[in-house]
Structures are given as C-alpha cells and as structure tokens.
Amino acid sequence: MVSADVARSVVGIVGNVISFGLFLSPVPTFWGIIKKKDVEEFSPVPYLATIFNCMLWVFYGLPLVHPNSTLVITINGIGLAIEAAYLVTFLLYAPNRKRLWVLAVLAAEAVLMAALVTGVLLGAHTHDSRSMIVGILCVIANTCMYAAPLSVMGKVIKTKSVEYMPFYLSLVGLLNGGCWTAYALIKFDLYITIPNGLGVLFSIAQLILYGCYYKSTPKKAKNVELPTIADKTLSTNVSITVHDEDDDDDA
C-alpha cells in the first residue's frame with residue numbers, strides 16, 4: 001500500500017513537470033513577437049499575474065513559512081525566471097505607453113512583496129499564522145493567474161477570433177490545475193486546493209470558447225509565386241493569393 005506522503009510526492013513531481021510546461025506554453029507567442037518586433041494586441045496581464053503568483057508561492061514554500069514544501073519552491077522559482085524573461089521580451093517590443101504601464105505594475109508588485117515579507121516575518125511568529133496569511137494571498141494571486149486569460153475572452157467574443165487567445169496556455173492550465181488539486185487533496189491543503197480547483201473551471205471555460213470561435217477565426221492569406229513564364233517576347237513572374245479552404249467554407 002502506497003503511503004499518502006509517497007503518493008503526494010509523486011503527484012507533486014508530475015505537477016512540477018506540467019507546471020514547467022505551463023510556463024513554457026507562451027513560447028510560440030513570444031517567438032512570434034520577436035520575429036515581428038511587435039507585441040500587436042497581446043496582453044501582458046497573464047504574465048504580470050503569473051510572476052507575482054510565483055513570488056508569493058516561493059515565499060509560502062520557505063521553511064520559515066510552510067515547512068516541507070520543497071516542490072512548491074522549485075517549480076515556482078523556475079516559473080519566476082521564465083516569466084521575467086517573457087516580460088523583458090514584451091518590454092523590448094511594446095510601445096512606450098504599454099511599456100510604462102508594465103513597469104509601473106512590476107514596481108507595485110515588488111513594493112507589495114517586500115512589504116508582505118517584512119510584515120509576515122516580523123508580525124507573525126508561528127508557522128500556522130504565517131502559512132495562513134501567505135496562503136490566503138496565494139489563493140487570491142493564483143486565482144488571478146488562472147483568470148488572467150479571461151481578460152481576452154471579451155475580445156474573442158467581439159471579434160469572433162481566437163487569434164490572440166493562446167490555446168496551449170489554456171490547455172496546460174487545465175492539466176496543471178487538475179494535478180495540483182489532486183496533490184492538495186491527498187494531504188489536504190486548503191490554500192492549494194481552492195485556486196487550482198478554480199483554475200480547472202477557468203481553463204475549461206477558455207477551451208470551450210476557443211472551440212466555439214476557432215473556425216470563425218480569419219485565416220491568413222498565403223502568397224504563392226508561380227514559376228517564370230518564358231516567351232520570345234515576354235518574361236514575367238505571376239503572383240497569386242491562395243486562401244485556405246476554411247475561408248471558403250466560412251464565406
């Protein structure tokens with residue numbers, strides 16, 4: 001019979017792997033930003049929410065706050081570094097107004113985090129009290145992280161296009177939320193159960209919306225250059241535009 005501690009450790013390791021996938025899921029989005037040198041209509045909100053969420057969970061997992069939470073620290077420490085890289089990329093290619101807004105939010109998050117660490121370590125003197133204070137904030141932040149992609153759902157409905165709604169972010173978010181909910185239920189941890197359970201529901205809502213509007217998303221035209229037509233008196237290249245069959249079906 002497998003003990004609860006062993007089962008929880010195994011699920012936690014799987015959760016680390018899935019969470020790592022969650023953190024890497026926006027890579028195609030940011031690769032596209034780098035190639036185009038433009039953030040277009042992509043929102044920085046999910047990444048701002050995630051970086052603050054990671055900071056909180058790293059603090060929550062420290063032995064001074066909630067002992068025996070090494071797996072919580074490792075994955076959120078990795079996530080913190082990855083999200084920082086995303087935001088640096090966003091700042092490089094964002095227009096000035098967006099860049100200043102992102103910097104202002106990051107500064108506010110840093111000040112809030114510093115105040116929280118100072119207040120908890122000086123004002124709460126037991127693991128239970130520290131875990132409760134930081135845990136409640138983690139619930140709020142983690143819920144915001146899962147809900148952040150909902151910020152584009154209105155745009156999806158209005159434009160009938162999922163172009164700016166990252167599919168893999170929602171899919172991996174569902175897997176991640178499910179795994180960490182299981183982890184928290186094996187050896188009950190209320191502060192991990194609530195946000196990840198909500199994360200499962202939010203991710204399902206996003207995937208349903210994606211399924212509803214995927215076919216109505218305009219497909220980009222492809223330019224095809226035909227071979228040179230040779231003639232005694234004429235030599236020219238012919239370029240035509242080819243649309244995907246889906247476009248004809250939607251018309």
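Coordinate-derived values only; no laboratory data. Predicted, not measured: the structure shown is a model, and the values here were computed from it. All Cβ positions, even for glycine, are placed from backbone atoms using ideal geometry, and neighbour counts span all protein chains on display.
For region 26-128, the square roots of the Cα gyration tensor eigenvalues, ordered a ≥ b ≥ c, give a/c of at least 1.5 with a/b no greater than b/c, which places it in the oblate category. Based on Cα contacts under 8 Å between residues 6+ apart, region 1-114 shows a relative contact order of 31 percent. Can you check what the net charge comes to around Val39, using other residues whose Cβ is under 15 Å from the Cβ of Val39 (Lys, Arg +1; Asp, Glu -1)? Surrounding charge for Val39 is +3. Dimensions of region 47-192 along the principal axes, based on C-alpha atoms and rounded to the nearest Å, stand at 50, 34, 23, largest first.
Using Cβ point charges alone (K and R +1, D and E -1), the dipole size of region 1-138 about the Cα centre works out to roughly 340 debye.
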